[in-house]
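Structure record follows, encoded as structure tokens.
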Amino acid sequence: MRTQYAVEDMTIHRIVEQERAFTPMREFLPNLTQELLDENRAWLEPAGLDPATGHIVFCFQSYVVKTPHHTVLVDACIGNDKNHAQRPAWHRKSDTSWMNALKAAGVGVDDIDVVMCTHLHGDHVGWNTRRDNGRWVPTFPNARYLFSKKEYEYWDGVHRKTPLSSMEDSVLPIIDAKRAELVTSDHALDDHVRLLPTPGHTVDHFAVGVGRRGDAAVFTGDLIHSPLQARYPALFTRADTDAPLAVRTRRDFLERCCDTDTLFCTMHFPSPSVGHLKRWGDGFRCAYLS
């Protein structure tokens, strides 16, 4: 399975941690009807919909982008030793899958210059930190970690009222270590890498665009989870903070990328996860690069 792509003067690597059936499709997409699911089952199965359980299939992954200036990690996936009591496949896990994939890309933890977390849900911040003698320390000792200031302040407020394990073990230790850079969601790192405001899934979610002449590639974060949401952008998720805004954001973003040369790099689409966005009736589809 292909995990490396060249765009302009950059190299992109997929860093896969898990790919598995996650949760019932219609529970995850609350406005998905059984009729619509049945109409699309043939092309969704088995990569995007587990035929045995009816569960949506997700790839959980990060991306490393090597530019002439920086080595950038987009999203930090699930992580090891983290408290995910409601998700047994994540809870206190100790496997080497993600680190092995990083190594296969020719990257070590010391090589990462910048970590960009599209939002602060637990499966996008987990490798921010690692456990060291009972303490959570930054996994990437030389990196700056870019968080949206608005996003951080929102989840910090939630955490103060109802503690969130992902904040405690994967975000606040970065703040305490003074490795975080709180930015706006339209921040530009340099002439190659920029953030793209895509609110709705969370209060200040951002995607990431890379390229000197516009967006040669984009990294979607969680503005979209399933290929079914590409075909039907009005399908929202149970995890969206503002579902109507998420729907508008998704359609606008897909329109922006459709029928262009922009490499569309998704966080949760089934492997190979990366391709070019094409029109499909009133919606869209990702023409994967194999």
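Here are the numbers for this structure:
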{"quantity": "Residue that is surrounded by the fewest Cβ atoms within 10 Å (Cβ to Cβ) [pool: residues in segment 127-170 that are small (Gly, Ala, Ser) and at pLDDT 95 or above]", "calculated": "Gly157"}
{"quantity": "Set Arg250, Arg238: member being modelled with pLDDT of 95 or more, crowded, with 20+ Cβ neighbours inside 10 Å and not hydrophobic (A, V, I, L, M, F, W, C)", "calculated": "Arg250"}
{"quantity": "Only listed residue being surrounded by fewer than 24 Cβ atoms within 10 Å (Cβ to Cβ), touching a Gly at 6+ places or on another chain (Cβ under 7 Å) and farther than 16 Å from Pro173 by Cβ, chosen from His119, His84", "calculated": "His84"}
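The values are calculated or read from the model by the stated rules, or taken from the named source; none is laboratory data. Predicted model, so just to flag it, every value in this text is computed and none were measured. So basically every Cβ, Gly included, is an ideal-geometry build from the backbone, and we count neighbours across all protein chains shown.
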